[in-house]
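Novice: What follows is a single structure, and I will ask about it in a moment.
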Amino acid sequence: TQMRYKTLHKFPFLWALCLLLLAAAPARAKDFTVVIDAGHGGHDAGAVGSIAKEKNINLNIALKLGRLIEKQLDDVRVIYTRKSDVFIPLNRRAQIANDAHADLFISIHTNSVAKKSRSPQGVETYSLGLARSEDNLEVAKRENSVILMEEDYKTRYAGFNPNSSESYIIFEFMQDKFMEQSVHMATLVQEQMSSYCGRNNKGVKQAGFLVLRETSMPSVLIEVGFISHRQEERYLNSEKGTSNLAQGIFRAFRQYKKEHDQRKRHAGGDDPKD
């Protein structure tokens with residue numbers, strides 16, 4: 001080995017060739033792509049509490065979730081719709097996921113209600129569908145209203161009015177071929193939020209979110225808590241709280257990915273997404 005080392009130093013081009021070959025050595029393939037979407041951003045603050053803004057909570061959790069995945073699951077490619085405080089249109093967020101041929105889309109949001117004195121608390125995770133309750137519809141309206149900040153939104157979203165209940169009827173007739181996988185991921189998230197994070201489990205729900213409608217892969221939207229609830233807002237604004245929530249979502253994702261790999265092996269290597 002020592003002789004080989006001296007020989008390499010006598011012939012610098014051989015040393016350079018070795019370094020090139022090492023650099024070109026294939027890393028472990030990234031066979032699963034997840035897109036993490038931190039809701040709102042830039043001039044769109046989202047829901048605003050007494051000490052925090054939704055856009056910052058969402059981004060904090062999204063970045064922590066991404067780092068956990070990158071550190072512990074080296075065969076997963078992580079893509080963020082935003083990594084800083086910038087405004088990204090809803091359809092652009094979905095386009096990022098579609099262009100990457102993502103296997104899963106996770107959108108992170110923070111909930112709020114107008115009557116802060118009687119605000120609920122807890123986590124709820126949504127898949128795409130028709131809102132069966134007035135509360136679910138109000139959540140979708142609030143999250144979709146961001147398109148009003150976009151230029152030419154009427155053309156971009158085919159005349160969709162986020163504040164009109166009639167606009168949401170279209171979601172009843174939509175056929176989401178990823179519904180089963182989306183609901184399963186949502187269920188895994190809720191289980192971890194309850195068992196691991198110790199948060200109030202408000203259940204798996206459906207509603208007409210535009211950002212989910214535009215994606216062509218299993219997708220969920222997580223409302224990580226209520227910024228309108230004073231105690232929960234402090235939790236959401238804390239390092240411990242955001243780290244705990246990111247860990248809970250990560251644990252759900254890890255289980256989803258494990259089951260995805262098992263299905264893929266059972267199917268003989270075919271991607272069940274196709």
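Novice: On average over all directions, what projected area in square nanometres does the range 56-156 have, based on the convex hull of its Cα atoms? Walk me through the intermediate numbers first.
Specialist: Numbers: hull surface 33.8 nm².
Dividing the Cα hull surface by four gives the mean projection, 8.4 nm².
Novice: Regarding the range 87-138, what whole-number volume in Å³ per residue does the convex hull of its Cα atoms give?
Specialist: Taking only Cα atoms, the range 87-138 has a hull volume of 120 Å³ per residue.
Novice: Over the chain, what is the percentage of antiparallel beta bridges among all DSSP beta bridges, to the nearest 5?
Specialist: So the antiparallel bridges amount to about 20 percent of the total.
Novice: Let me ask something else about it. Calculate how steeply helix 134-144 sits against the longest principal axis of the alpha-carbon atoms of the chain, using the helix alpha-carbon long axis, and give the answer as 0 to 90 degrees to the nearest 10.
Specialist: 50 degrees
Novice: Could you work out how much longer the chain between S216 and E166 gets when fully extended? Use 0.36 nm per residue separation minus the Cα distance between them, nm to one decimal.
Specialist: 15.6 nm
Novice: Hey, how many Å between the Cα centroid of the range 186-200 and the Cα centroid of the range 43-75?
Specialist: So the separation of the two Cα centres works out to 17 Å.
Novice: Once fully extended, how much extra length lies between E70 and K177, figured as 0.36 nm per residue of separation less the alpha-carbon to alpha-carbon distance?
Specialist: 35.7 nm
Novice: Taking the Cα centre of the range 70-147 as the origin and placing charges on Cβ (Lys, Arg +1; Asp, Glu -1), which of P89, F105, G129 is farthest toward the positive end of the dipole?
Specialist: It is P89, whose Cα lies furthest towards the positive end.
Novice: Between K116 and R265, 0.36 nm times their residue separation minus their Cα-Cα distance comes to what?
Specialist: Once the chain is fully extended between K116 and R265, it gains 48.7 nm.
Novice: For the pair S50 and S238, how long in nm is the line joining their label points, each one 7 Å along Cα→Cβ?
Specialist: 1.6 nm
Novice: Hey, which lysines would be in cross-link range of K53, C-alpha to C-alpha under 18 Å, not counting anything within fewer than 8 residues on its own chain?
Specialist: Cα-Cα hits under 18 Å: K64, K83, K115, K116, K240.
Novice: OK, next. Quick one: if you stick a label point 7 Å off each Cα along the C-beta vector at R92 and Q255, how many nm between them?
Specialist: With each label placed 7 Å out from Cα toward Cβ, I get 3.5 nm.
Novice: Still on this model: If you roll a 1.4 Å probe over the heavy atoms of the protein chains, what accessible area per residue do you get for the chain, in Å²?
Specialist: Per residue, the chain has 51 Å² of solvent-accessible surface.
Novice: Calculate how steeply helix 54-72 sits against the longest principal axis of the alpha-carbon atoms of the chain, using the helix alpha-carbon long axis, and give the answer as 0 to 90 degrees to the nearest 10.
Specialist: 30 degrees
Novice: Using helices alone, what [θ] at 222 nm do you get for the chain, with -39,500 (n - 2.57) per DSSP H run of 4 or more residues, divided over all residues and rounded to the nearest 500?
Specialist: Helix contribution divided over all residues of the chain: -14000 deg cm²/dmol.
Novice: While we're looking at this one, here's another question. When only alpha-carbon atoms count, how far does the range 121-162 stretch along each of its three principal axes, as whole angstroms with the largest first?
Specialist: 35, 19, 16 Å, listed from the longest principal axis down.
Novice: Something else now. Testing the spin-label approximation: label points 7 Å from Cα along Cα→Cβ at S133 and M149. State their distance in nm.
Specialist: It works out to 2.8 nm between the two label points.
Novice: State the volume of the convex hull built on the alpha-carbon positions of the range 100-232, expressed per residue in Å³ and rounded to an integer.
Specialist: Details: hull volume 15.8 nm³, N = 133.
Once divided by residue count, the hull of the range 100-232 is 119 Å³.
Novice: List the chymotrypsin sites (Phe, Trp or Tyr not before Pro) within the range 83-174 that DSSP assigns to loop and that have no more than 15 neighbouring Cβ atoms inside 10 Å.
Specialist: F87, F173
Novice: Treating only the Cβ atoms of Lys and Arg (+1) and Asp and Glu (-1) as charged, compute the dipole magnitude of the range 28-127 about its Cα centre; round to the nearest 20 debye.
Specialist: With Lys and Arg at +1 and Asp and Glu at -1, about 400 debye.
Novice: Turning to a different aspect of this structure: If you place +1 on the Cβ of every Lys and Arg, -1 on the Cβ of every Asp and Glu, and leave all else neutral, what size is the dipole of the range 133-269 about its Cα centre, to the nearest 20 Debye?
Specialist: The dipole magnitude comes to about 720 debye.
Novice: List, in order, the whole-Hz ³J(HN,Hα) value for each residue of the range 210-224 obtained from phi through the Karplus relation with A = 6.51, B = -1.76, C = 1.60 and θ = phi - 60°; use x for Gly and Pro.
Specialist: For the range 210-224, the Karplus-derived couplings read 4, 5, 7, 4, 7, 8, 10, 7, x, 8, 9, 10, 9, 9, 6 Hz, x marking Gly and Pro.
Novice: Could I ask something else about it? Among (i) 1.11; (ii) 1.01; (iii) 1.17, which is the computed Cα Rg over 2.2 N^0.38 Å?
Specialist: Given (i) 1.11; (ii) 1.01; (iii) 1.17, the structure-derived one carries the label (iii).
The values are calculated or read from the model by the stated rules, or taken from the named source; none is laboratory data. None of the values given here were measured: they were computed from a predicted structure. Glycine also receives a Cβ, built like all others from the backbone with ideal geometry; neighbour counts cover every protein chain displayed. With ligands, DNA and RNA removed, areas are computed over all heavy atoms of the protein, side chains included. Shrake-Rupley method; radii C 1.70, N 1.55, O 1.52, S 1.80 Å.
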